[in-house]
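A.B. asks: One structure coming up, written as structure tokens, with questions to follow.
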Amino acid sequence: MRSIPAALILAAAMSLFAQQSPSYRITHTYTLGGDGFWDYVVPDPPNRRLFIARQNRVMVVDEDTGKLLGEVTGIQGAHGTAVVTAEGHGFATSGNDQSVVMFDLKTFKTLGRIPAAEDADAIIYDGASNRVFTFNGDAHSSTVIDPAGKLIRAGHPRGAFNHRNVVVRSCY
């Protein structure tokens, strides 16, 4: 008789653990086409958009329909995108010319170019500090930008910090 309650407890515990694992599934598949390799895909959840780095541009795609909403052009070596909704600005790394392209989030038009460092790659917006940070691969440095578009510090050495270790705290 003792083994039946133990077996029931074990079965219930296994059932709970099985239910806690998240289930991921493909909900939409879109064919976007176009030239150039792909790099970072960055979601903009409040506006239901995706920013997709494509070598010489950033494609802006509607999450729900897959429709191309526009492109940020004039980028040489597109890698990542940071979205700063409060300022109405987006920032895209342009790794081949060591810069960051600041653009308007509504029109996708370029507003300016900010110097970065060699191989400007990953880029994030940190709401807690109200700063945009690039992680410059070959230069092993970071560039700090005010979201209004002012360069704060270019090429800040990051030591052992690697752009692949960055955790974006508030994607959704």
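None of the figures in this text is laboratory data; all of them are computed from the coordinates on show. Treat the numbers as computed from the prediction; the structure is a model and nothing was measured. Cβ: placed from backbone, ideal geometry, glycine included. Neighbour counts: every protein chain shown.
A.B. asks: Where the centre of each part is set by its Cα atoms, how far does segment 50-65 sit from segment 72-104, in angstrom?
C.D. replies: 12 Å
A.B. asks: Residue by residue through segment 103-112, which ³J(HN,Hα) values in whole Hz follow from phi under the Karplus form 6.51 cos²θ - 1.76 cosθ + 1.60 (θ = phi - 60°), with glycine and proline marked x?
C.D. replies: 9, 7, 6, 8, 9, 6, 7, 5, 9, x
A.B. asks: Please find the FRET efficiency linking TYR30 to THR73, where r is the Cβ-Cβ separation and R0 is fixed at 25 Å, and quote it to the nearest 0.05.
C.D. replies: 0.75
A.B. asks: Could you run the Karplus curve 6.51 cos²θ - 1.76 cosθ + 1.60 with θ = phi - 60° over segment 86-94 and give me ³J(HN,Hα) per residue in whole Hz, x for Gly and Pro?
C.D. replies: Result, ordered by residue: 4, 8, x, 10, x, 9, 10, 6, 10 Hz.
A.B. asks: Okay, moving on. Would you kindly state how much longer the chain becomes between ASP62 and ARG113 on full extension, computed as 0.36 nm times their sequence separation minus their alpha carbon distance, in nm to one decimal?
C.D. replies: Working it through step by step, the gained length comes to 15.8 nm.
A.B. asks: How do TYR24, TYR30, TYR40 rank when sorted from fewest to most other Cβ atoms within 10 Å of their own Cβ?
C.D. replies: TYR24, TYR30, TYR40
A.B. asks: Right, another one. For LEU151 and TRP38 in the same chain, what is the full-extension length gain: residue separation times 0.36 nm, less their Cα-Cα distance, in nm?
C.D. replies: Going from the current span to full extension adds 38.0 nm.
A.B. asks: Within a Cβ distance under 10 Å of GLU71, other residues only, what is the Lys/Arg minus Asp/Glu net charge?
C.D. replies: +2
A.B. asks: Whose amide H sits under 5 Å from the amide H of TYR40, counting only residues 5 or more places off or on another chain, with H placed in the peptide plane?
C.D. replies: Placed amide hydrogens put ALA53 under 5 Å from TYR40.
A.B. asks: If amide H atoms are built 1.01 Å from N in the plane of the peptide, which residues on other chains or at least 5 residues away come under 5 Å of the amide H of ALA139?
C.D. replies: It is GLU118, by chain and number.
A.B. asks: Moving on to the next point. For ARG49, list long-range residues whose amide hydrogen, built 1.01 Å from N in the peptide plane, is under 5 Å from its own amide hydrogen.
C.D. replies: ASP44, GLU63
A.B. asks: Just to check I understand the Karplus step: with θ = phi - 60° and J = 6.51 cos²θ - 1.76 cosθ + 1.60, what whole-Hz values come out for segment 75-82, glycine and proline as x?
C.D. replies: For segment 75-82, the Karplus-derived couplings read 9, 10, x, 5, 10, x, 9, 10 Hz, x marking Gly and Pro.
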